[in-house]
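Working notes for the structure below.
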Amino acid sequence: MKVLITGSSGLIGSEVALFLGRKGHVIHGVDNNQRAVFFGPQGDTRWNQKRLIETIPGFVHHELDIRNREGILDLVKSIRPDAIVHTAAQPSHDRAAQIPFDDFDTNAVGTLNLLEAARRSAPEAPFVHMSTNKVYGDRPNTIALVELEKRWDYADPEFANGITEDFPIDQSKHSLFGASKVASDILVQEYGRYFNMPTCCLRGGCLTGPNHSGVELHGFLSYLVKCNLEGREYKIYGYKGKQVRDNIHSEDVARFISAFIAAPRVAEVYNIGGGRANSCSILEAFEVVERVTGKKQVFSYVPKNRNGDHICYISNLKKIRLAYPSWDITVSLEATIQQLVDSWHKRL
């Protein structure tokens, strides 16, 4: 099987490439290290590209920007992949406000380029799109919350297991990043419904793992661990540091993508995150990291929260577990943090 993966040098793209490469599939990676352009040298992913080339037999790297419409159309036509995994994106809602054209052209137009290329040249190929929980905007902040000692949590029992896929996405503040990802999410669904293509949107929670080039503007746990190891100040933005994220290891995301490719559906949407078991606040994350590294976390507090930021977000995994019962979370939060610590030790 030939698999085309965009953003192949990034966290999820590289994990999927390695996971499917180990199964003997031919992997074509599309990446032009745009993360280094968005975030500077600390966001550089060339090291990961090199690792894929050295690790995956027959791996083919394509230095191509997904905004290059003719280039994408020609590439998909020449490869005619059996599956497409689209993980390339401008991933920061803070950065998006500074580069609105680059953000929308990458996230929305780039996705359209890939979808149309797939429709023309590989309409039967399962198309998996890494969407985001930011498509829900800040609407999750309207859910009644209770303030606990070290985290916010849902006061409404309807949300005890998290947010489901039918949660409203309009009438809320998304950030420009969230808006561009809404556009791509709806496009992926529409190509599925309108053209009967096997497409899937994965609305990710906090995606993480040892191969993340975490920076302050994107990559919560990875960047937090890096700050701890370097003794660098970590800035908490608002909500008393009690804001909650559910964290999912990149390998568990790759395992689901492999399951979807094996048994695709049309125009599906799934929330994918760590669920309640792998959720933590920033303050709770400090505790786990300190326990693993033995080093105190250096931090400061900025009272103003980030625009459109979630106070508490936990993915409800009921739908995805029912659809693919062989899939589940396999890597715990503490094990993930241990891997992040080990990875940064090698890179720093």
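Please state the charge dipole magnitude for region 275-318, taken about the Cα centre, from unit charges on C-beta atoms (+1 on K and R, -1 on D and E), reported in debye and rounded to the nearest 20.
Details: 7 positive and 4 negative charges, 11 e Å.
Roughly 60 debye for region 275-318.
Give me the base-10 log of I(q)/I(0) for region 192-348 at each q in 0.20 Å⁻¹, Debye formula, one uniform scatterer per Cα, rounded to two decimals.
Once normalised to I(0) and log-transformed, intensities are -1.23.
Hey, how much of the P(r) for region 1-67 falls beyond 20 Å, as a percent of Cα pairs? List each step's numbers first, then the result.
Numbers: 434 of 2211 pairs.
Roughly 20 percent, rounded to a whole number.
Could you work out how far apart the two model spin labels at Asp166 and Asp328 are, taking each label as a point 7 Å from the Cα in the direction of the beta carbon, and quote it in nm?
Each label point lies 7 Å from its Cα, and together they span 2.5 nm.
Which FRET efficiency value, to the nearest 0.05, is calculated for Arg22 and Glu233 with the Förster distance at 41 angstrom and r the Cβ-Cβ distance?
Efficiency for this residue pair is about 0.55.
Please quote Rg/Rh for region 204-263 to two decimal places, taking the Kirkwood radius as Rh and restricting both calculations to Cα atoms.
Rg/Rh for region 204-263 comes to 1.08.
Suppose every K and R has +1 on its Cβ and every D and E has -1 on its Cβ; what is the size of the dipole of the chain about the Cα centre, in Debye to the nearest 20? Mind dumping the intermediate values first?
Numbers: 41 positive and 40 negative charges, 84 e Å.
In total the dipole reaches around 400 debye.
I'd like the orientation of helix 282-293 relative to the chain: the angle between its Cα long axis and the longest Cα principal axis, in ° from 0 to 90, rounded to 10.
90
Under the rule of at least 5 residues apart or a separate chain, name every residue whose amide H is placed under 5 Å from the amide H of Val269.
When sequence neighbours closer than 5 places are left aside, the close amide H contacts are Cys201.
Working from Cα positions, state the angle (0 to 90°, nearest 10) between the long axis of helix 333-347 and the longest principal axis of the chain.
That works out to roughly 80 degrees.
Going by average Cβ neighbours within 10 Å, how do the peptides 42-52, 245-255 rank, with the highest at the top?
Working: 42-52: 17.9, 245-255: 23.9.
Packing proxy ranking, top to bottom: 245-255, 42-52.
Of the peptides 286-293, 299-306, 83-90, 125-132, how do they stack up when ordered by the mean number of other Cβ atoms within 10 Å, highest first?
Highest-to-lowest ranking by the protection proxy: 83-90, 125-132, 286-293, 299-306.
Quick one: length gained pulling Ile53 to Val298 fully straight, 0.36 nm per residue minus the C-alpha distance?
Going from the current span to full extension adds 84.5 nm.
With each pseudo-label sitting 7 Å past Cα toward Cβ, what's the Met1-Ala36 distance in nm, one decimal?
3.2
Just the number: Rg to Rh for region 2-347, Cα atoms, Kirkwood Rh, two decimals.
On the way: Rg = 19.0 Å, Rh = 20.1 Å.
For region 2-347, the value is 0.94.
Every number in this text was worked out from the coordinates using simple rules, so none of it is lab data. These figures come from a predicted structure and were not determined experimentally. Virtual Cβ from ideal backbone geometry, glycine too; neighbours counted across all protein chains shown.
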